[in-house]
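Read through the structure below, which is laid out as structure tokens, and then see the notes.
Read-outs throughout are calculated quantities, based only on the coordinates presented, and are distinct from any laboratory measurement. Here the structure is a predicted model, which is why all the values come from computation and not from measurement. Cβ placement follows ideal geometry from the backbone for every residue including glycine, while neighbour counts extend to all protein chains displayed.
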Ligand SMILES: *Cc1c(COP(=O)(O)O)cnc(C)c1O
């Protein structure tokens, strides 16, 4: 078997120890003589798994007691709709910050769900000297009775991350699909955090929603019960059959993250990896990244070749070196190296040496 370093933006790498453990207990989970996929989600063994997964996530993210932790279906995009349906009943208004492709898709989804709500938005990325830079507005000067402000702290496609807190008078909802658990964050600054699982948590299909209790008092819209936070709170994320295998793998990823020192340790690791890669992009001739230093994503490192006509060659040669999935998103072109928690430093080091030799080793 050829081992590759997989830079895919999502579904992304899952830590190898987790996959090995899953493999070892695939046919016999918990001594039950069956796989975890084949047992009732309402039975005691799965319930114990579910409770432990929640406890581990609470510990990893330091989630206060007045927040619910939900394990839901439908990935990140299901939550685009869920937040609207759960909080914008009776003609609610919301403010969306626009920083790239994902925040724009979230806004479009909010607008298409019902004409009864008012969705305002502000573009917060400006080009300054050719670099994309986030400039947050002065929220005190914005007049609006918003039920929430929605933003995406890490734009997976654009490679733009927002490190500053959003200090505004409204509850803040964050789509953390691609940077949850990547660095320390103060959960108490958010009303809702949600994430599709397939970047930093586990397999696709699962979404995690962390919802502050007082948000559940807001008027809601009629909606499918599986996306209703109140119903999911009441039924402990088991209103219907949850994605049990994804939940199991997520639980194993949480254990793995705890075993290597938790979010504080992985943040250091992530900052080291990102610094190494951006430094190479900035210093090796022939490559560039046009995101301002303050907003360069730790998870999704975008870059371009000065001579775009060499991009296909770059992809071909990198794949031959077992560095896979470096092609940028089809909307923006160029390259993208997604270096989530599970990407070892060795993968980034190998990519850096590839960058250094790409132009010199012509065959
Ligand atoms: C991947 C991603 C999504 C979409 O996730 P799905 O699970 O495919 O719905 C949403 N937001 C962000 C920031 C993402 O990176």
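Quick notes on this one:
- Residues of the stretch 284-303 with amide N under 16 Å of the 7 Å Cα→Cβ point at residue 129: 289-296
- Mean ellipticity per residue at 222 nm, deg cm²/dmol - from DSSP H runs of n ≥ 4 across the chain, formula -39500 (n - 2.57): -10500 deg cm²/dmol
- Among 315, 281, 208, the order by Cβ neighbours within 10 angstrom, fewest to most, reads 315, 281, 208.
- Between residue 184 and residue 294, the contour length at 0.36 nm per residue exceeds the alpha carbon distance by 37.9 nm.
- A viscosity of 0.890 mPa s and a temperature of 25 °C, combined with the Kirkwood radius over Cα pairs in Stokes-Einstein, give a translational diffusion coefficient for the stretch 133-284 of 139 µm²/s.
- Each Cα pair of the stretch 262-360 feeds into the Kirkwood radius, which the Stokes-Einstein equation turns, at 10 °C and 1.306 mPa s, into a diffusion coefficient of 116 µm²/s.
- Here the simple spin-label model places points 7 Å from the Cα toward Cβ, and for residue 356 and residue 30 these points are separated by 4.9 nm.
- From least to most packed, judged by other beta carbons within 10 angstrom and beginning with the fewest, 122, 160, 63 follow the order 122, 63, 160.
- Antiparallel bridges, percent of DSSP beta bridges restricted to the chain (to nearest 5): 60
- Alpha-carbon gyration tensor eigenvalues x 5, square-rooted, for the chain, Å: 33, 29, 16
- Counted by neighbouring Cβ atoms within 10 Å, the residues 7, 220 run from fewest to most as 220, 7.
- Pair residue 52, residue 310: separation of 7 Å Cα→Cβ label points (nm): 5.1
- FRET efficiency estimate (nearest 0.05) - Cβ-Cβ, residue 122 to residue 235, R0 51 angstrom: 0.90
- Against the rule of thumb 2.2 N^0.38 Å, how large the Cα Rg of the stretch 241-292 comes out: 1.74
- Here the stretch 1-136 has an Rg and Dmax of 20.9, 62 Å, counting Cα atoms alone.
- Mean Cβ neighbour count within 10 Å, used as a protection proxy, ranking 321-327, 153-159 highest first: 153-159, 321-327
- Largest-first principal axis extents, alpha carbons of the stretch 312-355, Å: 27, 22, 13
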